[in-house]
Amino acid sequence: MIKYSCALVMNLIAVLAFAQNNQADSLLKLQPVFIKSLRLNNLNNASVIQSISAPELLSRQGNSMAEVLQENTPVFIRNYGSGGLATASFRGSNAYHTPVIWNGINIQNPMNGQIDFSSIPVFFSDEVSLQYGGNGGIWGSGAMAGLLFINSAIASQQKPKVELLASAFEYGMFQNAIKISFNHKRLFSSTKVYNNFGNNNFEYEYKNNTYFQKNAGLNAHGFQQVLSFQKNVKTSFTALVWYGENNKQIAPNLSAMPNNAKQKDKNLRAVITWNNKTLRGNNEIKISYFYDELFYESNDIPKSFSKSYTYNLSAEKNIHFNENNSIHIGVIDWLAFANVDGYEKAVNQNRFSGFVYYKYQNKKHQFLQQIGLRKELVNERFIPIMPNYYLQKTLFKNLLFKANVARTYRLPTFNDLYWKNGGNINLQSEQGWSSDCALNFIQKKEHFLFDFTFSMFYRNTENYIQWIPVNVAVFSPINIGNVSAKGIEFIAKSNYQFSKITNFQFNYLGSFLTAVDNKNDFQLIFTPRIKHVVNLFYNYKNFTLKYNHIYTGVSFTKSDLSEWNNDFEIGNLVVSKSFIFNEQNNLSFQVGINNIWNKSYLIMPNRPMPLRNFQFTIQYSITKK
């Protein structure tokens with residue numbers, strides 16, 4: 001504990017030395033203007049849309065997106081241990097059924113179709129929201145169960161500002177980050193840099209004995225750059241770059257011998273956007289380039305190197321005919337190349353898509369409907385038409401009804417098709433239908449707010465792809481047949497303002513679902529039927545207390561349901577105090593106690609999670625007068 005405290009003190013000294021002759025504004029103010037694609041602004045209608053609030057993001061600024069989603073949503077995070085792989089399961093789905101949309105572009109890896117949420121620092125995310133349910137007509141392949149949106153902020157009146165962060169975990173992990181932003185006339189710039197490193201030797205329990213994790217060190221760093229130029233009232237240009245590099249040791253699971261496994265990832269994402277406002281709508285053109293690289297080595301298998309290049313060009317137009325009627329059209333050309341040691345040869349795929357959506361909105365009768373179609377050509381082969389219909393109607397003053405039905409699909413990944421030892425070139429695309437409906441009740445009074453959403457969903461998927469063992473050493477993907485998922489969800493948020501300086505917030509999120517292979521009616525592996533989340537926030541002046549409690553039900557680890565991970569519940573406590581020296585200066589101290597009840601639990605088989613541990617975070621913000 002002493003050496004970690006010393007490291008944190010040294011970070012604070014560096015921050016204060018940097019800030020000596022500067023002044024800053026409050027850390028608690030997130031930027032109010034966000035970069036959103038034309039599709040997200042005009043077509044993002046779904047039965048359930050959840051935004052992660054500013055307090056929820058601020059309480060985990062020194063963590064990854066995996067912790068934010070686990071603690072604030074009904075989504076199940078398949079976490080392979082602190083610092084390990086973390087993927088998302090929306091409504092009983094798999095990781096590749098959840099596209100991640102970064103400033104309007106899908107950043108899923110074309111080789112494995114996944115995103116590792118442990119590699120996304122919360123510090124890089126200005127706005128985070130989730131859309132539940134399928135939406136293949138708007139977002140294409142993989143949008144079968146839900147989407148995660150991460151958007152960057154633009155502040156057109158921003159004075160030169162510096163934000164610094166230093167965070168330390170008890171088990172030898174550290175994160176330092178800095179953000180520099182400014183506005184000059186019509187140009188806005190924001191630069192973020194972070195470094196995450198340490199031994200990651202957390203304490204865990206196994207068979208009533210405690211151990212320290214070995215071979216789990218991590219060294220990750222990266223930067224994110226946003227440039228926005230407002231040419232005039234109608235036209236703007238935005239350029240974004242996100243580079244990340246992760247070097248990590250991969251700890252063996254509890255039943256395996258140490259193999260000194262290591263993995264090195266590099267990711268470069270670049271997007272340029274032109275947006276033009278017209279008298280009756282908007283025009284948008286996006287060009288993006290992604291580079292993904294992965295190097296893996298261990299004592300068990302030969303070294304493996306993988307890299308992919310993805311190019312994306314999209315053009316969209318939104319036209320408002322009158323107050324009630326509008327249309328949105330777009331074309332997208334997507335091209336990916338991959339060169340992988342595990343493939344016989346280099347591979348590529350081209351997807352050309354076109355979509356059209358019509359929206360009717362009657363504000364007088366508080367009614368909205370949206371219908372759309374998408375057609376996609378993949379390597380000169382047409383995908384069936386993807387229709388989508390959305391309905392929204394205000395039933396009573398405070399009660400809103402929403403419903404959505406969409407055809408969905410997912411193309412096999414490059415690994416599914418071309419992996420030398422197990423790939424299946426004859427795989428068919430997953431296809432199905434997703435439907436859901438929700439009731440949203442909002443009650444607002446002078447000092448009280450209550451927001452409650454109840455939703456039901458059903459999803460059916462044909463040609464579901466699953467990797468199965470061919471022999472002891474080889475797995476291969478097959479289309480297992482028909483899979484269905486159904487369930488209900490609750491999202492309840494209440495806020496009571498006792499006075500100008502005191503408020504209390506209570507949030508509850510619950511998910512009850514079944515996701516089964518219809519051939520045998522067995523629950524899918526790694527898919528718990530139940531998850532409950534309770535969040536309590538208490539704010540008094542510049543003091544904040546947050547308590548998070550999570551219950552996760554049993555998840556089966558074998559397809560015949562003969563083995564499983566037990567249910568578990570954990571609690572997390574975060575206490576923070578801000579010191580506002582003047583209108584320009586803010587210093588915040590934060591102490592987190594993760595797994596406060598010291599529970600021993602597994603999320604994925606033989607992948608232990610940390611026992612009780614402490615986290616210390618300091619944030620400082622400086623703005624030039």
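The values are calculated or read from the model by the stated rules, or taken from the named source; none is laboratory data. Note that the structure is predicted; figures quoted are calculated from it, not measured. Note that each Cβ is placed from the backbone with ideal geometry, even for glycine, and that neighbours are counted across all protein chains shown. All accessible areas refer to the heavy atoms of the entire protein, side chains included, with ligands and DNA or RNA removed. Shrake-Rupley method; radii C 1.70, N 1.55, O 1.52, S 1.80 Å.
Tabulated data
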quantity	calculated
Count - residues of the stretch 280-308 that are of a type in the set (D, E, K, R) and open to solvent by 50 Å² or more (accessible area, probe 1.4 Å)	5
Residue within the stretch 129-143 that is open to solvent by 20 Å² or more (accessible area, probe 1.4 Å) and either in a strand (DSSP E or B) or of a type outside the set (Phe, Trp, Tyr) (or both) present	no
Conditions (1) buried (at least 16 other Cβ atoms within 10 Å of the Cβ); (2) over 26 Å from the mean Cα position of the chain (by Cα); (3) more than 28 Å from ILE478 (Cβ to Cβ): number failed by ASN404	(2)
Boolean, PHE124 is touching a residue at least 24 places away in the same chain (Cβ under 8 Å), more than 18 Å from GLY146 (Cα to Cα), open to solvent by less than 10 Å² (accessible area, probe 1.4 Å) and over 10 Å from the mean Cα position of the chain (by Cα)	yes
Qualifying positions in the stretch 430-462 - in a strand (DSSP E or B), surrounded by fewer than 18 Cβ atoms within 10 Å (Cβ to Cβ) and among the basic types (Lys, Arg)	LYS444
Positions within the stretch 316-334 being open to solvent by 40 Å² or more (accessible area, probe 1.4 Å) and either in contact with a Leu (Cβ under 6 Å, 6 or more places away or on another chain) or of a type outside the set (Phe, Trp, Tyr) (or both), in sequence order	LYS317, ILE319, HIS320, ASN322, GLU323, ASN324, ILE327, ILE329, VAL331, ASP333
Contacts under 8 angstrom Cβ, first residue in the stretch 211-233 being more than 27 Å from ASN63 (Cβ to Cβ), partner of a type in the set (D, E, K, R) and surrounded by fewer than 16 Cβ atoms within 10 Å (Cβ to Cβ), 6 or more apart	PHE229/ARG186; GLN230/ARG186; LYS231/ARG186; VAL233/LYS277
Residue within the stretch 494-508 that is open to solvent by less than 50 Å² (accessible area, probe 1.4 Å) and under 18 Å from SER435 (Cα atoms) present	no
Filter result (among the aliphatic types (A, V, I, L, M) and at pLDDT 95 or above) within the stretch 517-571	ILE530, VAL533, VAL534, LEU536, LEU545, ILE550, VAL554, ILE570
Hits in the stretch 463-478 - residues which are in contact (Cβ under 8 Å) with a residue 40 or more places away in the chain, of a type outside the set (Ser, Thr, Tyr) and open to solvent by less than 50 Å² (accessible area, probe 1.4 Å)	ILE465, VAL474, PRO477
So LYS359, is it among the basic types (Lys, Arg) and open to solvent by less than 40 Å² (accessible area, probe 1.4 Å)	yes
Output for the stretch 468-509, where each listed residue is closer than 30 Å to LYS444 by Cα, out of contact with any Phe, Trp or Tyr (no Cβ under 6 Å at 6 or more places or on another chain) and among the hydroxyl-bearing types (Ser, Thr, Tyr)	SER499, TYR508
Residue under evaluation ASN246, criteria (1) polar (S, T, N, Q); (2) out of contact with any Phe, Trp or Tyr (no Cβ under 7 Å at 6 or more places or on another chain); (3) surrounded by fewer than 16 Cβ atoms within 10 Å (Cβ to Cβ); (4) under 18 Å from LEU85 (Cβ atoms), criterion not met	(3)
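Here's the yes/no breakdown for (1) in contact with a Gly (Cβ under 9 Å, 6 or more places away or on another chain); (2) among the polar types (S, T, N, Q); (3) under 30 Å from ILE154 (Cβ atoms):
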residue: GLN225; (1), (2), (3): no, yes, yes
residue: VAL233; (1), (2), (3): no, no, yes
residue: ILE250; (1), (2), (3): yes, no, no
residue: LYS264; (1), (2), (3): no, no, no
residue: LYS277; (1), (2), (3): no, no, yes
residue: ARG280; (1), (2), (3): no, no, yes
